[in-house]
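The structure under discussion appears below in the form of structure tokens.
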Amino acid sequence: MDGHRRAGRAALAAALALVLALSQGCTYLRHRGEDLLDLGDFGVTLSIKPGLALYANGVSVSPGGLSYVDGYFLGLGGGRLGFTRHYQRCWGLFVLGHETHAWGDFNKGDPTTLNRQYVGVLGLPTFAILQSRPAYMPSCIHYLHVGFFGVVANARYMEMLDFMLGWAYIDLARDDGRTMSRWPWRGDY
């Protein structure tokens with residue numbers, strides 16, 4: 001009998017959570033879907049001009065390689081699913097590096113449309129001072145592009161935390177309803 005009561009309570013709690021979510025309208029569920037799309041970047045890169053990317057970075061502390069691709073992306077990337085514009089410019093010397101990632105509508109000359117950060121053990125101290133959009137901090141970045149084609153496999157840990165907390169109405173990235181994150185410690189964006 002206790003098992004049935006526990007199952008009944010669990011079903012009631014799930015039903016109440018669903019009613020609460022739906023009572024917030026479609027906006028709540030749309031924002032959770034947008035957060036889900038931010039968890040990582042997985043797909044292929046295509047470029048009209050030849051590009052080169054042999055770059056990896058483990059948990060933002062060990063960047064290595066070089067990356068410059070200005071082209072297009074097919075897959076799940078930058079919070080988008082499908083085909084979109086893509087830009088990456090990264091370099092890493094294991095203890096220090098810099099990454100720039102952009103998806104969709106961006107302007108390479110406008111830093112407010114780019115995800116940029118210093119990485120590596122020596123780059124991390126700049127995090128709180130200079131880094132504007134830590135959507136890729138910490139993350140595991142993998143770019144491979146030779147000539148006109150490549151692959152991307154990135155895991156974005158801050159966005160994973162934002163997704164989980166979003167179910168409890170906590171928007172850590174302050175990105176609900178926005179195309180770019182607005183992290184709380186960076187009031188200038």
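Neighbouring Cβ atoms within 10 Å as the yardstick, rank Glu159, Glu99, Glu34 fewest first. Write down the numbers at each step before the final one.
Values: Glu159 24, Glu99 27, Glu34 18.
Least to most surrounded, the residues fall as Glu34, Glu159, Glu99.
In what order do Thr126, Thr45, Thr112, Thr100 fall by count of nearby beta-carbon atoms within 10 Å, going from fewest to most? Display every interim value, and only then the final one.
Numbers: Thr126 14, Thr45 24, Thr112 11, Thr100 19.
Going from least to most buried by this count: Thr112, Thr126, Thr100, Thr45.
Around Asp38, what is the net charge, scoring Lys/Arg as +1 and Asp/Glu as -1 over all other residues with Cβ under 10 Å from its Cβ?
Every neighbour counted, the sum reads -4.
Would you mind calculating the gained length between Cys26 and Val151 on full extension (0.36 nm times residue separation, minus the Cα-Cα distance), in nm to one decimal?
Values: separation 125, 0.36 × 125 = 45.00 nm, distance 3.38 nm.
That works out to 41.6 nm of additional length.
If the only charges are +1 at each Lys and Arg Cβ and -1 at each Asp and Glu Cβ, what is the size of the charge dipole of segment 37-164 around the Cα centre, to the nearest 20 debye? Don't skip to the end; give the middle numbers.
Values: 8 positive and 8 negative charges, 47 e Å.
Dipole magnitude for segment 37-164 comes out near 220 debye.
Sort Arg156, Arg9, Arg85 by Cβ crowding within 10 Å, fewest neighbours at the top. Write down the numbers at each step before the final one.
On the way: Arg156 25, Arg9 10, Arg85 15.
Listed from fewest to most nearby Cβ atoms, that is Arg9, Arg85, Arg156.
If you take every residue apart from Glu159 with its C-beta less than 9 Å away from the C-beta of Glu159, what net charge results, scoring Lys and Arg +1 and Asp and Glu -1?
Numbers: positive: Arg156; negative: Asp35, Asp38, Asp162, Asp175.
Residues near Glu159 contribute -3 overall.
Read-outs throughout are calculated quantities, based only on the coordinates presented, and are distinct from any laboratory measurement. For clarity, every value in this text was computed on a predicted model and none was experimentally measured. Heads up, the Cβs are rebuilt from the backbone with ideal geometry, glycines too, and the neighbour counts pull from every protein chain shown.
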